[in-house]
Amino acid sequence: MNKLLTIAIPTFNRAHLLDKQLAWLAEATKGFESDIEILVSDNCSTDNTPEIIKKWQAIFSNLTFKTNRHEQNIGVLKNVAYCLKSATTKYVWAIGDDDPIHDTAVSYVLTKLKQDEKISLIFLNFSGRNKITGEPVHPPTIIGNRWFDIDCEDGCSDGKATFEHCFRKSVGAVIFLTATIYRTDVVKRGLQIWNNADSNWIFLAYLAGYCAAHGKVIVTKNTYLECIVGVSYWQKEPKSALLMQYKHIPEVLVKLEENGYSKQFCRQMIVKNFKEVNLKVFLGALRRWPFFTISTVIPFLTLVIVSILQLIIIKNQNNQSNRAEDLFYENRRMME
């Protein structure tokens, strides 16, 4: 019997957190053993992660429990991509080894996936909490500690519109790994089309957008997990902030446009990103890596200028179309 869902955990040198997450998973998957596979992908950890995996492999004796250990650390993004590519079930859910997930999340996800085979993407709503202060964290546009502000429990057939709404509200929300369940064949196809996507820090936004364009999308009303806001993997990379703002976000938007999203939406988001870039990031990078910074920013500015011009053309075309439509109806009324 083919299983429905792979729950994959990419991990590196966080044995104690992996142990805790697998303990949660052991309870959450009870009664669903026939529907689920577990995959743990160890990015060549140097702590006692292999011992933790071996321990839980024995405990999960009544459930398919797969493991992988890379011969060397291939980086967090490529390890995540490995998890998505390695899934053999209809759907795949990659989760962080440190993200608190509600006990009912597994049951909810499986119920929804069984109800509608046309689902290609599920966004689990989540709350945010500052790692240091413990205070709730959420975007200023969201009321209450709930990241997504739309309710689409029955599955939106217009997946593109749903994704566009979420992307406009918060790029951070659509790249939160643990919040997203993908249809496996679609996400694999997305990775094949952009074969070096896992070099981009927000490639998960591209994958979510690609899946959203090829099926129904659910965004949950209730929160099912918590995002601990602090220092992420990508923030530890010296040049990551510059790359995120000036290269990776625009790169994802260009890829989304190539894969069916409207030019107007993608270009609007490129201009919006330009308005929101942190000048301090640019100046700090310019001081430390002048050539790298300039070679990164110039293509970005060129793309922004082109996008502005294209938006002006689109606006003029829409105005002309509206005037032509108004003239048509006015002539029709006169003839009547």
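The values are calculated or read from the model by the stated rules, or taken from the named source; none is laboratory data. Treat the numbers as computed from the prediction; the structure is a model and nothing was measured. All Cβ positions, even for glycine, are placed from backbone atoms using ideal geometry, and neighbour counts span all protein chains on display.
Selection over segment 163-182 of residues that are of a type outside the set (A, V, I, L, M) and closer than 19 Å to Tyr261 by Cα gives a count of 9. Just name the residue that is nearest to Thr6 (Cα to Cα) out of those in segment 183-208 that are aromatic (Phe, Trp, Tyr) and in contact with a Phe, Trp or Tyr (Cβ under 7 Å, 6 or more places away or on another chain). Out of the qualifying residues, it is Tyr206.
Residue-wise test of (1) part of a loop (DSSP other than H, G, I, E, B); (2) β-branched (Val, Ile, Thr); (3) under 22 Å from Glu164 (Cβ atoms); (4) touching a strand residue (DSSP E or B) at 6+ places or on another chain (Cβ under 6 Å).
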{"position": "Lys188", "(1), (2), (3), (4)": "no, no, no, no"}
{"position": "Asp198", "(1), (2), (3), (4)": "no, no, no, no"}
{"position": "Ile218", "(1), (2), (3), (4)": "no, yes, yes, yes"}
{"position": "Leu242", "(1), (2), (3), (4)": "no, no, no, no"}
{"position": "Phe274", "(1), (2), (3), (4)": "no, no, yes, no"}
{"position": "Arg287", "(1), (2), (3), (4)": "no, no, no, no"}
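Within segment 168-186, track down each residue that is aliphatic (A, V, I, L, M) and not in a helix (DSSP H, G or I). Matches in segment 168-186: Ile175, Ile181.
Within segment 255-272, the set of residues being under 17 Å from Ala161 (Cβ atoms) and aliphatic (A, V, I, L, M) comprises Leu256, Met269.
Got at least one residue in segment 34-43 being in contact (Cβ under 8 Å) with a residue 24 or more places away in the chain, surrounded by 15 or more Cβ atoms within 10 Å (Cβ to Cβ), in the same structural domain as Asn200 (by TED's automatic domain parsing) and more than 23 Å from the chain's Cα centre (by Cα)? Yes, because at least one residue in segment 34-43 is in contact (Cβ under 8 Å) with a residue 24 or more places away in the chain, surrounded by 15 or more Cβ atoms within 10 Å (Cβ to Cβ), in the same structural domain as Asn200 (by TED's automatic domain parsing) and more than 23 Å from the chain's Cα centre (by Cα).
Considering each of Tyr82, Tyr108 in turn, give the residue that is over 30 Å from Asn195 (Cβ atoms), part of a helix (DSSP H, G or I) and under 21 Å from the mean Cα position of the chain (by Cα).
On the way: Tyr82 fails: over 30 Å from Asn195 (Cβ atoms).
From the options Tyr82, Tyr108, the qualifying one is Tyr108.
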